[in-house]
Amino acid sequence: MTDRLKHLQPISFRAQLAALFLFMAFLLGGMILGFFKYQQDQLLHTSMQRQAEVVARLAVQDVARMVYLDDPDVASDIAERLRGIPEILEAGFFGPDGQQLLRLPPTYLPARRLDPDRRTHHSGWGAIGSGPPGLLQPALNVAQQKAQNLFFLMVGGSLVLGLLFGLFLDRSFIARLAELSQAIRHAASQEDYSQRLDVHRMDEIGTARAQFNKLLERVEQQTETLRYQALHDPLTGLYNRHRMLLELDKLLRRRPAQGYHAVCYLDLDRFKVVNDTCGHSAGDELLQQLSNELLGYVSRHPAYRLGRLGDDEFLVLARDKPAQDIARFLANIKRLVENLHFRYLEREFPIGISIGCILIKDEPTTAIEVIGAADGACYRAKRLQHGGAITLRLGDQQVQDHKQNMDWVSRIYTALENNSFRLHLQPIVAPRETAPYRHFEVLLRLQTDTGLIGPDHFIPVAERFGLSPRLDLWVIEAVVTQLYENPAFLDRLELLAVNLSGLTVTDPHNRHAIDTLLKAFPIPPEKLCFEITETAVISEMEQAVQFIDFFRRRGIRFALDDFGSGMASFGYLQHLEVDILKIDGSFIRPLRQDPILEEMTRAMVRIGHITGKRIVAEQVEDGETAALLQAMEVDYLQGYHFARPAPFEQFIGQKQAGSPSSSVG
Ligand code: C2E
Ligand code: CA
Ligand code: CA
């Protein structure tokens, strides 16, 4: 119904009014005509009545005679006489009770048909009925003609008057209303808010038009504000990511004529320090100051554009400039940032910047790809070079590496969504212990169409791009679910170790997420162990200490993984309250061939024992090494010599006597 209504063309207000007006004119005309007709009929009736009475009075004597004498000659006499009056076309004579006595053209009614009693009652015979219209016809015709003329004159006059009135109405009200309606429709359909209506008279329509103008003005302002907000960063007023992507799209559509286009990713160094120590308002102030400085510089160089991508990341685009110009420009930006001397609450914060720049000549690329490459170059500048700028071309190996990493990022996301990760277990064996084992380490694998992929391929990428906490949470959830669903295995289980990446341990958000998971699946906490590596938590030692403390209070064990591989391992032992030390595989594999490694291992075991920790030696590949380690009183051994990592499900049955094997080592 409403759909059908939508397709109907709206009838304009003016057309409706014109139709109404015409209708009213016709109605009025009809009423006038009806009135005149009635008047005319009345006139005709009265004049006929009167004439008939005259004629009746003249003829009544003869008629009475005719009735009494019942003489047809008298009747024809009367008829003859009446016929002599040309105005009388037809006439009738009636008795007192209405019966017709004579009709002209003459029809003689014999007296015998009359009731004899009535013959005496002739006194009432004066009643003469009115004939049909036609009496005095010519005079009436003239009167009628006059009335008609008057009628047409009046209708014509009222039409002209009506037209004039209509014109007045139209100009004063309807046209103004119609214009307002047209303007509203135009504003709504074309989103054109620039039109304004004339306001001469401040009647109701004038007020509505003025309000309409005001409304459009406000809409125009708000649209402008929205447009500005959509393209600018609210904090700094610089172009935002969206606007920079549009600019970059435009840039990439034109090949540089002489020089290069450049896409430069800028990331502040030590911004986090300001944010963490002084709060976000300090960080905001720093970003504003810095943006002002940068914008002041960039706006003097029309071939360059600057925008903020988010947090402390910026993007600079250069259009068709020689490589040296771009390098000079970036060096100046870097100097500007370093000379900022940001002060907050009496403290000065040294700020630096890392820049990854991609030069483009005629390589086919997309905005997303080139920004990704610049981001990768910036990451290199920050991590490998500790600041400064790295400039690359899209074909460079480093850019390709970064691209591969990004491919891995999306593979990790997809695998998480599709549940393509698998848990494998590797037994951790006490001296003289045989299968079924009771102590394991969980190791992650990715199931693909072509087989299993080991964590060395994706854990470093996940750590680098901040995805490792999601992986670790996935693992913890899968582990607790498996344990919860296999109570017999859980009963036998002594300890299950799960690896955690540095990011999982140092970001307090994950603590809550892990705790929630552990509460949802009540597993005896002393059966779980988190393995962390000192190198992963070194930069955020305080957070790591809090993490360990939080979960140890809940009964969960901790192991310090890859022990010895970091330079300052012994130093960190004091800070990190752990239950187990896992001596790194790089000591164990070549142990028998290297007396120095042997001595170092012995020292680690001793110190570990002195501080009350259990010792695990990992990557034990042969019996001699196992014997040597046992002689050193290492508490647990783990390695291919005992068992390779194998699917979790394989250990749940635990019928295996030998070593389950895994396609990934
Ligand atoms: P890791 O924690 O040091 O784990 C021990 C690694 O040594 C495992 O490699 C294991 O398969 C391998 N291995 C065991 N026995 C032997 C042996 O006799 N000889 C040799 N050469 N290697 C042996 P994998 O499974 O490839 O894991 C590599 C690393 O990936 C792990 O080192 C760990 O740091 C990380 N990782 C594995 N699973 C996870 C996980 O769920 N979360 C996190 N964050 N990291 C994980
Ligand atoms: Ca481990
Ligand atoms: Ca290890």
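The values are calculated or read from the model by the stated rules, or taken from the named source; none is laboratory data. Being a predicted model, the structure only gives us computed values, none of them experimental. Here Cβ is always computed from backbone atoms with ideal geometry, including for glycine, and neighbour counts include all displayed protein chains.
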**OP:** Specify the residue that is surrounded by the fewest Cβ atoms within 10 Å (Cβ to Cβ); the eligible residues are those in segment 598-617 that are without any contact (Cβ under 8 Å) to a residue 12 or more places away in the chain and assigned to a helix (DSSP H, G or I).
**Re:** Ile610
Subject >> Number of positions in segment 590-634 that are of a type in the set (Asp, Glu), within 16 Å of ligand 2 (Cβ to nearest atom) and out of contact with any helix residue (DSSP H, G or I) (no Cβ under 6 Å at 6 or more places or on another chain) >> reply: 0
Original post:
Can you tell me how many residues in segment 618-640 are within 12 Å of Leu591 (Cβ to Cβ) and assigned to a loop (DSSP other than H, G, I, E, B)?
Top reply: 8
**OP:** Filter segment 149-174 for residues that are touching a residue at least 60 places away in the same chain (Cβ under 8 Å) and more than 16 Å from Leu20 (Cβ to Cβ) and give the result.
**Re:** Leu150, Phe151, Met154, Val155
Subject >> Test: Arg50 is of a type outside the set (A, V, I, L, M), part of a helix (DSSP H, G or I) and either under 30 Å from Leu150 (Cβ atoms) or at pLDDT 70 or above (or both) >> reply: yes
**OP:** Being more than 9 Å from ligand 1 (Cβ to nearest atom) and in a strand (DSSP E or B) is the filter here, so list the residues in segment 489-511 that pass it.
**Re:** Leu495, Leu496
Original post:
Counting only residues that are part of a helix (DSSP H, G or I) and in contact (Cβ under 8 Å) with a residue 40 or more places away in the chain, which one in segment 293-324 is nearest to Gly237 (Cα to Cα)?
Top reply: Leu295
**OP:** Looking for whichever is of a type in the set (Gly, Ala, Ser) and farther than 22 Å from Glu633 by Cβ here; the options are Ser539, Ser586, Ser565. Which one fits?
**Re:** Ser539
Original post:
What is the one condition in (1) touching a helix residue (DSSP H, G or I) at 6+ places or on another chain (Cβ under 7 Å); (2) in contact (Cβ under 8 Å) with a residue 40 or more places away in the chain; (3) not basic (Lys, Arg) that Gln258 does not satisfy?
Top reply: (1)
**OP:** Just give me the residues in segment 428-483 being under 15 Å from Ser410 (Cα atoms), assigned to a helix (DSSP H, G or I) and within 36 Å of the chain's Cα centre (by Cα), in sequence order.
**Re:** Ile459, Pro460, Val461, Ala462, Glu463, Arg464, Ser468, Arg470, Leu471
**OP:** Out of Leu295, Leu315, Leu345, report the one residue that is crowded, with 21+ Cβ neighbours inside 10 Å and not polar (S, T, N, Q).
**Re:** Leu315
Subject >> Condition broken by Ile588, with the remaining ones in (1) β-branched (Val, Ile, Thr); (2) buried (at least 16 other Cβ atoms within 10 Å of the Cβ); (3) farther than 22 Å from Tyr437 by Cα satisfied >> reply: (3)
**OP:** Only residues that are of a type in the set (Ser, Thr, Tyr) and more than 16 Å from ligand 1 (Cβ to nearest atom): list them for segment 537-570, please.
**Re:** Ser539
Subject >> Test set (1) away from ligand 1 (no atom under 12 Å from the Cβ); (2) surrounded by 20 or more Cβ atoms within 10 Å (Cβ to Cβ); (3) over 24 Å from Cys529 (Cα atoms) - Thr625 fails condition number >> reply: (1)
Subject >> Answer residue from segment 423-447, given it is within 16 Å of ligand 1 (Cβ to nearest atom) and over 21 Å from Lys527 (Cβ atoms) and is surrounded by the most Cβ atoms within 10 Å (Cβ to Cβ) among those >> reply: Arg445
Original post:
Which of (1) of a type outside the set (Asp, Glu); (2) surrounded by 15 or more Cβ atoms within 10 Å (Cβ to Cβ); (3) more than 25 Å from Leu359 (Cβ to Cβ) does Ser281 not meet, given it meets every other one?
Top reply: (2)
**OP:** Go through the residues of segment 374-396 one by one and say whether even a single one is in contact with a His (Cβ under 7 Å, 6 or more places away or on another chain) and either without any contact (Cβ under 8 Å) to a residue 24 or more places away in the chain or buried (at least 17 other Cβ atoms within 10 Å of the Cβ) (or both).
**Re:** yes
Original post:
Of these, Leu287, Leu266, Leu251, which one is at pLDDT 95 or above, surrounded by 16 or more Cβ atoms within 10 Å (Cβ to Cβ) and not in a helix (DSSP H, G or I)?
Top reply: Leu266
**OP:** Those residues that are over 14 Å from Glu494 (Cβ atoms) and touching a helix residue (DSSP H, G or I) at 6+ places or on another chain (Cβ under 9 Å), I need them from segment 425-441; list them, please.
**Re:** Pro431, Arg432
Subject >> Residue among Leu573, Leu591 that is within 53 Å of the chain's Cα centre (by Cα) and either within 16 Å of ligand 1 (Cβ to nearest atom) or modelled with pLDDT under 95 (or both) >> reply: Leu573
Original post:
Looking at segment 348-365, is at least one residue farther than 19 Å from Tyr265 by Cβ, at pLDDT below 95 and in contact with a helix residue (DSSP H, G or I) (Cβ under 8 Å, 6 or more places away or on another chain)?
Top reply: yes
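Here is a yes/no grid of residues against (1) part of a helix (DSSP H, G or I); (2) closer than 23 Å to Val498 by Cβ; (3) away from ligand 3 (no atom under 16 Å from the Cβ); (4) without any contact (Cβ under 8 Å) to a residue 40 or more places away in the chain:
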{"residue": "Ser539", "(1), (2), (3), (4)": "yes, yes, yes, yes"}
{"residue": "Glu542", "(1), (2), (3), (4)": "yes, yes, yes, yes"}
{"residue": "Phe550", "(1), (2), (3), (4)": "yes, yes, yes, yes"}
{"residue": "Ser586", "(1), (2), (3), (4)": "yes, yes, no, yes"}
{"residue": "Ile596", "(1), (2), (3), (4)": "yes, no, yes, yes"}
Subject >> Subset tally (residues that are in contact with a Cys (Cβ under 9 Å, 6 or more places away or on another chain) and either among the acidic types (Asp, Glu) or in a strand (DSSP E or B) (or both)) for segment 552-584 >> reply: 5
Original post:
Which of the residues spanning segment 522-536 are buried (at least 16 other Cβ atoms within 10 Å of the Cβ), more than 12 Å from ligand 1 (Cβ to nearest atom) and assigned to a helix (DSSP H, G or I)?
Top reply: Lys527, Glu534
**OP:** Tell me, please, whether a residue that is in contact with a Ser or Thr (Cβ under 8 Å, 6 or more places away or on another chain) and away from ligand 3 (no atom under 16 Å from the Cβ) can be found in segment 474-492.
**Re:** no
